[in-house]
1. Give, as residue ranges, the strands (runs of 3 or more DSSP E) completely inside region 145-248 that count at least 3 residues that are in contact with a Leu (Cβ under 6 Å, 6 or more places away or on another chain).
2. Counting only residues that are without any contact (Cβ under 8 Å) to a residue 40 or more places away in the chain and over 16 Å from the mean Cα position of the chain (by Cα), which one in region 284-301 is most open to solvent (accessible area, probe 1.4 Å)?
3. Look through region 143-170, keep the residues that are among the aliphatic types (A, V, I, L, M) and open to solvent by 20 Å² or more (accessible area, probe 1.4 Å), and return whichever of them is farthest from residue 40 (Cα to Cα).
4. Output the number of residues of region 177-189 satisfying the condition of being more than 17 Å from residue 137 (Cβ to Cβ) and touching a Pro at 6+ places or on another chain (Cβ under 9 Å).
5. Report, by residue number, each residue of region 1-15 that is within 19 Å of residue 41 (Cα to Cα) and either out of contact with any strand residue (DSSP E or B) (no Cβ under 7 Å at 6 or more places or on another chain) or among the basic types (Lys, Arg) (or both).
6. For region 50-107, list the strands (runs of 3 or more DSSP E) that sit wholly inside it and hold at least 1 residues that are among the acidic types (Asp, Glu), at pLDDT below 95 and open to solvent by 40 Å² or more (accessible area, probe 1.4 Å); which are they?
7. Where residues in region 171-190 are in contact (Cβ under 8 Å) with a residue 24 or more places away in the chain and open to solvent by less than 40 Å² (accessible area, probe 1.4 Å), which of them is farthest from residue 303 (Cα to Cα)?
Amino acid sequence: MKAARLVAPKRWEIAEVERPEPTRDMMLVRLERAGICGTDKPAFYGIGASYPMGLGQTGHEGLGIVEACASDAYSAGDRVLLWGFDRGLFQEYVLADPAGCVKLPMDLEPEVALMSQLLGTVIHCFYKLGNVINRNALVMGQGAVGQLFNATLRNLGARYIIGVDPLPHRLAVSPEMGATHTINPETCDLSEAISEITGGEMVDLAVEAVGRESTFNLCGDLLRQNGTLVYFGVPNKENAEGRMTLAFMEMFRKELQIVTSVGPNPDLDYTAALDWITQGRLDVRPMLTHLLPFDKIQDAFDLAFEHPEREGAVKVVLAF
């Protein structure tokens, strides 16, 4: 089978390796789709990684078809969203724990069904936030995660949903994903623009979906007194330890609530996300901009991280 390996920063190679054999506890799954996620970016750029990396790493968003399952949990031919797998997902076959997978419908485009994973991680965060009805919200970063925060906030009744990003092609997608307003911070005074939208109230909720020190601090500046700052962007984009210098006095003075969120519960969160998608509560298709063959993984990563603006990339998915 084919497996991708990151052998140096920004350099992928494809190798022929032995296909894994199913065991009593782990079923064999043939990959259909694997998403490129912002959390794949640090290793691609050489932050906190050693090379060559393990086969298939750092792939973790994937779905596929069950080839063999020793238990009665799944039958051969079932499509599953993967969780609890034995290796990185940038390869054609993996072993997966049946208890951690979610069965997916066969009549839904696989790349659409795949977004149940990322949407599930976003939904997981909202259990910590309480009521968002009629609240003014800011989403800093309009990549795939930011777009799904737009959609979730829209579903749950937020009043204003302000998408912020310096890339115009991302902002063009934001209204389709639920944003009521969009702002390019490089073309205006961001604080003044938000004040104008909210009638001087600023925002009740700010979501950091980038993973950088500067945007974390900026979110704190844009919140009103007693607001909530959600830090969702994984904080290893600038150093492996995720160390940041925060303007904490401002956050302290405003009595902000800071919420972090990273880990979903597959049974609870992925299934809820799948329901939202299959019931038509939100359409993830506008953010699914590129579907490339697996053997073009180098091109896919370059597109996602090196020059997304050239072809308007938001979410890039690999097809096996």
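The values are calculated or read from the model by the stated rules, or taken from the named source; none is laboratory data. The model shown is predicted, which means the values in this text are computed figures rather than measured ones. Quick reminder, even Gly has a Cβ in these numbers, built from the backbone with ideal geometry, and neighbours come from all protein chains shown. Side chains included, ligands, DNA and RNA excluded: accessible areas come from the protein's heavy atoms. Shrake-Rupley method; radii C 1.70, N 1.55, O 1.52, S 1.80 Å.
1. Values: elements: 161-164, 181-183, 203-208, 223-231.
Of the strands (runs of 3 or more DSSP E) lying wholly inside region 145-248, those with at least 3 residues that are in contact with a Leu (Cβ under 6 Å, 6 or more places away or on another chain) span 223-231.
2. 296
3. Restricting attention to region 143-170, the residues satisfying the condition of being among the aliphatic types (A, V, I, L, M) are 144-145, 148, 151, 153, 156, 158, 161-162, 164, 167.
Next cut, open to solvent by 20 Å² or more (accessible area, probe 1.4 Å) only: 145, 156, 167.
On the way: 145: 13, 156: 29, 167: 20 Å.
Top of the filtered list is 156.
4. The first filter runs over region 177-189 and keeps only residues more than 17 Å from residue 137 (Cβ to Cβ), leaving 184, 186-189.
Add one more test, that the residue is touching a Pro at 6+ places or on another chain (Cβ under 9 Å), and what stays is 184, 186-187.
So the count comes out to 3.
5. In the first step, residues of region 1-15 are kept if they are within 19 Å of residue 41 (Cα to Cα); the result is 3-14.
Within region 1-15, 5, 8, 9, 10, 11 meet the criteria.
6. On the way: elements: 61-68, 79-81, 93-96, 102-104.
So the answer is none; nothing clears 1.
7. Per the stated criteria, the residue is 190.
Quick grid of which residues meet (1) among the acidic types (Asp, Glu); (2) under 18 Å from residue 317 (Cα atoms):
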{"residue": "261", "(1), (2)": "no, no"}
{"residue": "271", "(1), (2)": "no, no"}
{"residue": "278", "(1), (2)": "no, no"}
{"residue": "281", "(1), (2)": "no, no"}
{"residue": "285", "(1), (2)": "no, yes"}
{"residue": "294", "(1), (2)": "no, yes"}
{"residue": "299", "(1), (2)": "yes, yes"}
